[in-house]
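Reading through the structure tokens given below for one structure.
The values are calculated or read from the model by the stated rules, or taken from the named source; none is laboratory data. Because the structure is predicted, anything quoted here is derived from the model rather than measured. Don't worry about glycine lacking a Cβ; one is built from the backbone with ideal geometry, like all the others, and counts go over all protein chains shown. Only protein heavy atoms, including side chains, enter the accessible area calculation; ligands, DNA and RNA are left aside. Shrake-Rupley method; radii C 1.70, N 1.55, O 1.52, S 1.80 Å.
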Amino acid sequence: MTQLWTLEQIDQAAEQLTKGQTVAFPTETVYGLGADATNEQAVEAIFQAKGRPSDNPLIVHIGSRNVLSDYVRDIPDHAQKLMDAFWPGPLTIILPSNGKLAQNVTAGLDTVGMRMPNHPHALELLKACSLPVAAPSANRSGKPSPTTAEHVYYDLNGRIAGIVDGGKTGVGVESTVLDCSSENPMILRPGGITRSDIESVIGPVDVAPAMIEKNEAPRSPGMKYKHYAPDAPIWIVRGSAENMKRVADEAKREGKTVQFLVSEERAQELGVDDALVLGSRHQPEVLTSHLYDRLRQVDQIEADLILAESFSEKGIGEALMNRLERAASKVVG
Ligand code: TXA
Ligand code: MG
């Protein structure tokens, strides 16, 4: 059975980790499914519980910067500066591994993604267990990352030892993944720390293309897996409310039921009161924090087609649109 723990019960969760069990916990981005990153069997249990392909490496979470050098071979100057600026926080830094972690954590790569999360429950847990904790997002593979303990429970009840309940997470999409293992740092996944945040500290960085061609080896193995695609297809509709109305009307004429995934402003412009609303388009952080919950709701409602608004890609909007595009089957308009 999967247990639920509060912050006061964090020692019980930590004990399970030291025993090689899997424990879900909140971070400031999404919930993670953690296990002792030095214990190959414990790490294998993460892959099993999630149904995750074994060639997709895990991020290792640490509770203090001081232990970083126990697991990596080299910390380049630019990585150091970024940690000074953004740790603890939603930035995962890929560095050359020194081979001390369980081999399956890195899926055989010679690099490892490290992150110090900025969430009181996560930091308490990491302190209490004194372990590096490997943790991918705590969803079943192919589902949206969980932003509440309920999402985790829905996906993984009976498959993991327990869940530390910290309520709703903050950012709502996963951390920025930045490859610092070679000369030129490259953003492999946009996230909570934006490109301009990073560039303000170390200057221009490259960004890996969101979608990669088949047969091309991705810098980040996770990029080759399609993210959550709900039962009903999602189309992102660029442009005005009139555009969206036109696409909706056409679908309705074909006998389809249509639902909208939009800002509150767009819902008003459309004159609909049952849309899946993400928040105000003037608050991109709020839109982003609600995305995964609303994507989970898409499968709870009756609809043949979901029409999603296209949001600004400024700041956190880049991460928001990256995740929305990965869930969508096409962009129109
Ligand atoms: O916010 C987050 O990052 C959350 C919380 C729990 O920390 N974790 C998370 O983990 O999103 P996951 O496993 O769902 O995504 C990790 C991504 C994957 O796309 C993986 O391929 C990539 O990071 N990754 C991990 N280690 C890597 C490495 N050594 N080289 C390249 N990509 C790596
Ligand atoms: Mg994930």
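If you scan region 54-70, which residues turn out to be of a type in the set (V, I, T), open to solvent by 30 Å² or more (accessible area, probe 1.4 Å) and either outside the structural domain of C129 (by TED's automatic domain parsing) or more than 14 Å from ligand 2 (Cβ to nearest atom) (or both)?
V67
Check G34 against each of (1) touching a Phe, Trp or Tyr at 6+ places or on another chain (Cβ under 7 Å); (2) away from ligand 1 (no atom under 15 Å from the Cβ) and name the one condition it does not meet.
(2)
So P96 ticks every box in (1) in contact with a strand residue (DSSP E or B) (Cβ under 6 Å, 6 or more places away or on another chain); (2) under 30 Å from S289 (Cα atoms) but one. Which box is left unticked?
Every condition holds for P96 apart from (2).
Kindly state which helices (runs of 4 or more DSSP H) lie completely within region 231-333 and contain at least 3 residues that are touching a residue at least 60 places away in the same chain (Cβ under 8 Å), closer than 22 Å to S145 by Cα and open to solvent by 10 Å² or more (accessible area, probe 1.4 Å).
Of the helices (runs of 4 or more DSSP H) lying wholly inside region 231-333, those with at least 3 residues that are touching a residue at least 60 places away in the same chain (Cβ under 8 Å), closer than 22 Å to S145 by Cα and open to solvent by 10 Å² or more (accessible area, probe 1.4 Å) span 284-298, 317-327.
Quick one: in region 168-189, of everything that is under 16 Å from the mean Cα position of the chain (by Cα) and of a type outside the set (A, V, I, L, M, F, W, C), which residue is most open to solvent (accessible area, probe 1.4 Å)?
Only one residue tops the list, namely K168.
When both residues are 6+ apart or on different chains and their Cβ atoms are under 8 Å apart, which pairs have a first residue that lies in region 179-192 and is hydroxyl-bearing (S, T, Y), and a second that is away from ligand 2 (no atom under 16 Å from the Cβ) and at pLDDT 95 or above?
Within 8 Å, the pairs are S181/L95; S181/P96; S181/T111.
Being within 16 Å of ligand 1 (Cβ to nearest atom) and assigned to a loop (DSSP other than H, G, I, E, B) is the filter; apply it to region 184-204 and report the residue that is modelled with the lowest pLDDT.
N184
Of all residues in region 106-123, count the ones that are part of a strand (DSSP E or B) and closer than 19 Å to D36 by Cβ.
4
Taking K81 as meeting all but one of (1) touching a Ser or Thr at 6+ places or on another chain (Cβ under 6 Å); (2) among the basic types (K, R); (3) not in a loop (DSSP other than H, G, I, E, B), write down the number of the exception.
Against the list (1) touching a Ser or Thr at 6+ places or on another chain (Cβ under 6 Å); (2) among the basic types (K, R); (3) not in a loop (DSSP other than H, G, I, E, B), K81 comes up short only on (1).
Please pick out the residue among Q21, Q12 that is more than 19 Å from N104 (Cβ to Cβ), open to solvent by 10 Å² or more (accessible area, probe 1.4 Å) and polar (S, T, N, Q).
Only one candidate qualifies: Q12.
Only one of D55, D84, D74 is more than 12 Å from P132 (Cβ to Cβ), more than 12 Å from ligand 1 (Cβ to nearest atom) and at pLDDT below 95. Can you tell me which?
Only one candidate qualifies: D74.
Condition first: modelled with pLDDT under 95 and at positive phi. Now tell me which residues in region 142-183 satisfy that.
Residue satisfying the conditions is G142 alone.
Give G142, G192, G158 a once-over and let me know the one that is crowded, with 22+ Cβ neighbours inside 10 Å and small (G, A, S).
Going through G142, G192, G158 in turn, the sole match is G192.
Exactly one condition in (1) in contact (Cβ under 8 Å) with a residue 12 or more places away in the chain; (2) small (G, A, S); (3) over 24 Å from P284 (Cβ atoms); (4) within 12 Å of ligand 1 (Cβ to nearest atom) is false for G89; which is it?
For G89, the failing item is (3).
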